Amino acid sequence: MRYAETGFNLEIDLSRGSIERVQTDPRLTELHLGGQGTAGKILWDRVPPEVEPFSPDNLLIFSAGLLHSTPVPGANRTTVDTFSPQTNLYAHSLFGGFFGPELKHAGYDKIVIRGKSPSLVYLWINNDKVEIRDAGHLQGKGALETGALIQKELKEPKAQVAAIGLAGENRVYMSTIEHSNSSASRQVGVIMGDKRLKAIAVRGTKDIHIARPAELFEICNRMYKEIYENPYCGDYLAHEDDEEWHVNNFAWGNARERVKGYWTKEREEKWKAITESVRLRWTGCYNCPKDCHQAISYPGRQTYFQKCYSKLTYSMAAYKELDFNYDILGVTQEYGLDGFSTPQVLAFAIELYEAGILTDQDLPGFPTDSGERFFYLVEKIVRREGIGDALGNGVYWAARQIGKGAEAFDHNSMKKFEQLPLKLGRINYPYFLMYATGEKMSITQIEGSFPQSPIADKEEREKFVKNWDAAPEKFKKWFLEWEPHQHPSIEASVNIADWNETMHYIDDAIGTCAFLSSFRGQFGGRPPYHIYNLPNFISLATGMDLDTEALWEIGRRNRNLIRALNVRRGLRRSDEKPPADHWKKRDPEMETKLLDAYYEFKGWNNEGIPTKETLDKLGLDYVSEDFVQRGILTENEGNPSKKASAEKEKN
Amino acid sequence: MGEKKKKIVKTIKVDLDKCIGCRACEVACSAFHANPKYSSINPARSRIRMVIDELNDVYVPVRAGDYTKAECMGRDKCTIDGKEYDEWCFCRASCPSRELFKEPDSGLPLKCDMCEDDPPQKEPLCVQVCRHDALTYEESEEEVGEEEVKLGEMEIGLESLVDKYGMQKVMDTVARMSKNG
């Protein structure tokens, strides 16, 4: 018997209309755990670099995490993995809610989707019975509306549905996959739309078995309490009406400027009243006592769920008050548009209009009010109508399609992908590394274990370190030494970037929420899950022998495998840089040193390619063999000559 | 008339406004009632189920009550605070009208036993994991008449089998099974 996992994947080919239940190799669980890790292996094996993201041969993989459907609280994030048409690189997103656990109870750890359906369809997975069903009647329907309609037509109110809206149907790059109170962004909705897959509905009533049940339940029962009572985990910022941190630190408009003095006590009272008037309740995800999502009912809009900092992204991009954000979210969520990248695309279009690059010919009847302009542009984009067709490809590609100098207005993308609207002063070493080398595209999916800033008061600092169970010893030392306005050393910066990203790779394999773990050490230093207690949870659930070192090793393996996917598609050192104006004050010499040191620490060569030795040590021999065969690495050393990389740098 | 006796009345109070819809109650219940205890998770076997209608803001935990062989006559709908609830949001019966509160494989009815199992819990498990206090537990003393005969889990199951197949067939099957060892 396999514990914690089902041991089966569901293989769907939408071109052929075939459905298969395939047993998986338990050895892969030992090597990669599950979720993103095992999805990465499938992408490596089955999607060669020649495959275009919009090819039927691209795969779209929905993975439950290894700990979904065990009693481990907060294990509910489903990962979606594929290749992105925006970056032509690996695309990865996650969504919370209830989908992954339901999938496992239906008897599958993953849904692997290949091909393209000739017409719009949805997938209905009801334990062993799996059908591809016509979705013609759902065309153009809102994402959550689709879920409700499917539940009704199947007479299965307990079916969990993940669906795309009109944006996904029309292959808008900023489209999302929506499920319950959660959304997956970052380039996965567009592939679902490309495959003509409107939705997946799942219902499962099978058991998931636990290796050491009584012991696991005991520590889980304690964990409910700890998570509930721990003020440093969950999305505690979402519960605050004081938005000073967000409005002061993030940039307004097209990620342009920070607005000082905007936040006042008066405004806080006003915004609080707005929020309270539209919030129905706080909701949580499967088996987690934190309530991070607001159910919102805005007059004239269908009920939707607001999460994270999407509460402000539209308002700040349009220079509007909070009620505007709640209003437009009621529209964009149902269209299935991402609340992080979309506002930037809209603000970018307004800048182009004001600069005369886009004209009244491109935007007939364009309103004067920024809020009305946002609504206008959303309608164009989700239908890919007129200028909406270019804008639907995101800022990077739209700028190049529009031309006439529009490229200069694309200033906040990295690897062709919109980044958070942050414009800061002086370069930050660990953040430089995380931005430059991150495979997960958004900084929120990379940062999170080491604090963002030092504590000035020495006593407070010591107190912080004393209670810092999550941190390996060396980080405690570095934090104790860290004075305000100082940079951490190169060595510390490299290690900080490494620890931060490793925790995400672990979360995304086992399915635990980053708000309880990888994202939540940076403020307060008390994430409920960390590198020291997770091995026990995983061992008791699965029966695997696992300690801290072994878990870190798996994180490293998954990180290198995902890196390899991108390297094979052409990612090199020259691509590894943050948005040009992310920091006002840069330090090119130091940046080179940092990147060199990070690559060396990772066991990568000067081009950011994992060496043969590194890959082989992680059991990724098949990757190094492929690299040698393709000439990405040379047979004997695995390092391209210094001269070659220096030349590439110049370019 | 028998003598009046004291009885502990166990109550789980439900505050619908506090529910965040996390379904931890389902997870814990299914774990507690697995055999061996905690060895498997399956909300479909839980004796408490969340009735959720997200777009209408309906989040109602319902605990499995008695098994009944009859469907109800007609349906009810009620509106509370402008929200429309189906009757099965509140009905606790395991009945032929719906799938709720039946073992997914055998179809045998499920009933909440307040986790009175061995060892007895200080509170039912669903209450223990509901950190938001949507579910809270209370015990009070009440005077009652003669002690009621409580049906055990096996009796409830047998009763439903008898309803389905008739007493004779169930007895024959049990006899045959015991003969086969």
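Of the residues A:Asn467, A:Asn500, which is surrounded by fewer than 23 Cβ atoms within 10 Å (Cβ to Cβ) and among the polar types (S, T, N, Q)?
None of the others qualify; the one that does is A:Asn467.
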Are any residues in the range B:29-42 at the interface with chain A (Cβ under 7 Å from one of its Cβ atoms) and of a type outside the set (Val, Ile, Thr), and if so, which ones?
B:Ala31, B:Pro36, B:Lys37, B:Tyr38, B:Ser39, B:Ser40, B:Asn42
Quick one: in the range A:233-246, of everything that is assigned to a loop (DSSP other than H, G, I, E, B) and within 24 Å of B:Val27 (Cβ to Cβ), which residue is nearest to the other protein chains (Cβ to nearest Cβ)?
A:Gly234
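Just for the range B:2-21: of the residues that are assigned to a loop (DSSP other than H, G, I, E, B) and either more than 30 Å from A:His293 (Cβ to Cβ) or free of Cβ contacts under 8 Å to residues at least 40 places away in the same chain (or both), which one is nearest to the other protein chains (Cβ to nearest Cβ)? Walk me through it before giving the result.
Looking only at the range B:2-21, we keep the residues that are assigned to a loop (DSSP other than H, G, I, E, B), and these are B:2-4, B:15, B:19-21.
Still in the list and also either more than 30 Å from A:His293 (Cβ to Cβ) or free of Cβ contacts under 8 Å to residues at least 40 places away in the same chain (or both): B:2-4, B:21.
Numbers: B:Gly2: 41, B:Glu3: 41, B:Lys4: 39, B:Gly21: 5 Å.
Of everything passing the filter in the range B:2-21, B:Gly21 is nearest to the other protein chains (Cβ to nearest Cβ).
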Give the residues of the range B:50-62 that are facing chain A (nearest Cβ under 8 Å), of a type outside the set (Asp, Glu) and either part of a strand (DSSP E or B) or crowded, with 19+ Cβ neighbours inside 10 Å (or both), sorted by residue number.
B:Val51, B:Ile52, B:Tyr59
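Looking only at the range A:367-407, count how many residues are on the phi < 0 side of the Ramachandran plot and within 27 Å of the chain's Cα centre (by Cα).
Selection size over the range A:367-407: 23.
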So the check is Cβ under 9 Å with 6+ separation or different chains; which pairs have a first residue in the range B:112-133 that's more than 11 Å from chain A (Cβ to nearest Cβ) and a second one that's part of a helix (DSSP H, G or I) and surrounded by fewer than 18 Cβ atoms within 10 Å (Cβ to Cβ)?
B:Asp113/B:Glu153
Among the helices (runs of 4 or more DSSP H) contained in the range A:311-406, which hold 1 or more residues that are modelled with pLDDT of 95 or more and in contact with a strand residue (DSSP E or B) (Cβ under 6 Å, 6 or more places away or on another chain)?
A:322-335, A:342-354, A:394-402
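So, in the range A:157-186, how many residues would count as being farther than 14 Å from A:Gly97 by Cα and modelled with pLDDT of 95 or more?
Qualifying residue count, the range A:157-186: 15.
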By residue number, the members of the range A:477-532 that are among the polar types (S, T, N, Q) and either assigned to a helix (DSSP H, G or I) or touching a Pro at 6+ places or on another chain (Cβ under 7 Å) (or both) are A:Ser493, A:Asn495, A:Asn500, A:Thr502, A:Ser517, A:Gln522
Give all pairs with beta carbons closer than 7 Å in which a residue from the range B:157-181 that is surrounded by 11 or more Cβ atoms within 10 Å (Cβ to Cβ) meets a residue that is part of a helix (DSSP H, G or I) and not β-branched (Val, Ile, Thr); count only pairs at least 6 apart in sequence or on separate chains.
B:Val170/B:Leu158; B:Val170/B:Leu161
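Can you go through A:Ala509, A:Ala541 and tell me which one is buried (at least 21 other Cβ atoms within 10 Å of the Cβ), under 24 Å from A:Gly608 (Cα atoms) and touching a Leu at 6+ places or on another chain (Cβ under 8 Å)? If you could, list the steps in order and put the result at the bottom.
Details: A:Ala541 fails: under 24 Å from A:Gly608 (Cα atoms).
Just a single option satisfies the conditions, and that option is A:Ala509.
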Scan the range A:262-277 and give yes if some residue there is surrounded by 15 or more Cβ atoms within 10 Å (Cβ to Cβ), within 14 Å of another protein chain (Cβ to nearest Cβ) and without any contact (Cβ under 8 Å) to a residue 60 or more places away in the chain, otherwise no.
no
Would you confirm whether any residue within the range A:78-95 is assigned by TED's automatic domain parsing to the domain that holds A:Gln160, more than 30 Å from A:Trp397 (Cβ to Cβ) and either of a type outside the set (Asp, Glu) or in contact with a helix residue (DSSP H, G or I) (Cβ under 8 Å, 6 or more places away or on another chain) (or both)?
no
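State yes or no: is B:Arg176 over 20 Å from B:Lys37 (Cβ atoms) and touching a Phe, Trp or Tyr at 6+ places or on another chain (Cβ under 9 Å)?
In short, no.
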Got a sec? Which strands (runs of 3 or more DSSP E) wholly within the range A:3-118 have at least 3 residues that are hydrophobic (A, V, I, L, M, F, W, C)?
A:8-13, A:60-63, A:90-95, A:110-114
Read through the list (1) touching a Ser or Thr at 6+ places or on another chain (Cβ under 9 Å); (2) within 12 Å of chain A (Cβ to nearest Cβ), then give the number of the only condition that B:Glu139 fails.
(2)
Is it the case that some residue within the range A:515-537 is closer than 19 Å to A:Leu31 by Cβ and hydroxyl-bearing (Ser, Thr, Tyr)?
no
Those residues of the range A:278-306 which are within 14 Å of chain B (Cβ to nearest Cβ), more than 30 Å from B:Ala31 (Cα to Cα) and either in a loop (DSSP other than H, G, I, E, B) or of a type in the set (A, V, I, L, M, F, W, C) (or both), in sequence order
A:Val278, A:Leu280, A:Ile296, A:Ser297, A:Tyr298, A:Pro299, A:Arg301, A:Gln302, A:Thr303
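So how many residues does the range A:575-634 have that are β-branched (Val, Ile, Thr), part of a loop (DSSP other than H, G, I, E, B) and touching a residue at least 60 places away in the same chain (Cβ under 8 Å)? Write out each step before concluding.
First, pick out the residues of the range A:575-634 that are β-branched (Val, Ile, Thr): A:592, A:609, A:611, A:614, A:623, A:628, A:632, A:634.
Now narrow it down to the ones that are part of a loop (DSSP other than H, G, I, E, B): A:609, A:611, A:632, A:634.
Now drop any that are not touching a residue at least 60 places away in the same chain (Cβ under 8 Å), which leaves A:632.
Residues that pass the stated criteria total 1.
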Hand me the list of helices (runs of 4 or more DSSP H) wholly inside the range A:129-206 holding 2 or more residues that are within 14 Å of chain B (Cβ to nearest Cβ).
A:143-154
Just to be sure I understand, how many residues within the range A:14-44 are closer than 12 Å to A:Asn558 by Cα and among the hydroxyl-bearing types (Ser, Thr, Tyr)?
2
List the pairs whose first member sits in the range A:35-64 and is basic (Lys, Arg), whose second member is outside any helix (DSSP H, G or I), and whose Cβ atoms are under 9 Å apart, counting only residues at least 6 apart or on separate chains?
A:Arg46/A:Asp57; A:Arg46/A:Leu59; A:Arg46/A:Val112; A:Arg46/A:Arg114
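Filter the range A:48-99 down to the residues that are charged (D, E, K, R) and in contact with a Phe, Trp or Tyr (Cβ under 9 Å, 6 or more places away or on another chain), then identify the one that is surrounded by the fewest Cβ atoms within 10 Å (Cβ to Cβ). Before you say what the answer is, go through the steps one by one.
Looking only at the range A:48-99, we keep the residues that are charged (D, E, K, R), and these are A:50, A:52, A:57, A:77, A:81.
Subset that is in contact with a Phe, Trp or Tyr (Cβ under 9 Å, 6 or more places away or on another chain): A:52, A:77, A:81.
On the way: A:Glu52: 11, A:Arg77: 31, A:Asp81: 28.
The selected residue is A:Glu52.
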For the range A:131-152, indicate whether the set of residues that are of a type in the set (A, V, I, L, M, F, W, C), touching a strand residue (DSSP E or B) at 6+ places or on another chain (Cβ under 7 Å) and under 22 Å from B:Glu26 (Cα atoms) is non-empty.
no
A:Leu480: passes all of (1) surrounded by 14 or more Cβ atoms within 10 Å (Cβ to Cβ); (2) touching a residue at least 60 places away in the same chain (Cβ under 8 Å); (3) not hydroxyl-bearing (Ser, Thr, Tyr) but (2)
Kindly check whether there is at least one residue in the range A:213-231 that is more than 9 Å from chain B (Cβ to nearest Cβ), part of a loop (DSSP other than H, G, I, E, B) and under 30 Å from A:Ser539 (Cβ atoms).
yes
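The values are calculated or read from the model by the stated rules, or taken from the named source; none is laboratory data. Being a predicted model, the structure only gives us computed values, none of them experimental. Counting neighbours? That spans all protein chains shown, and the Cβs are built from the backbone with ideal geometry, glycine included.
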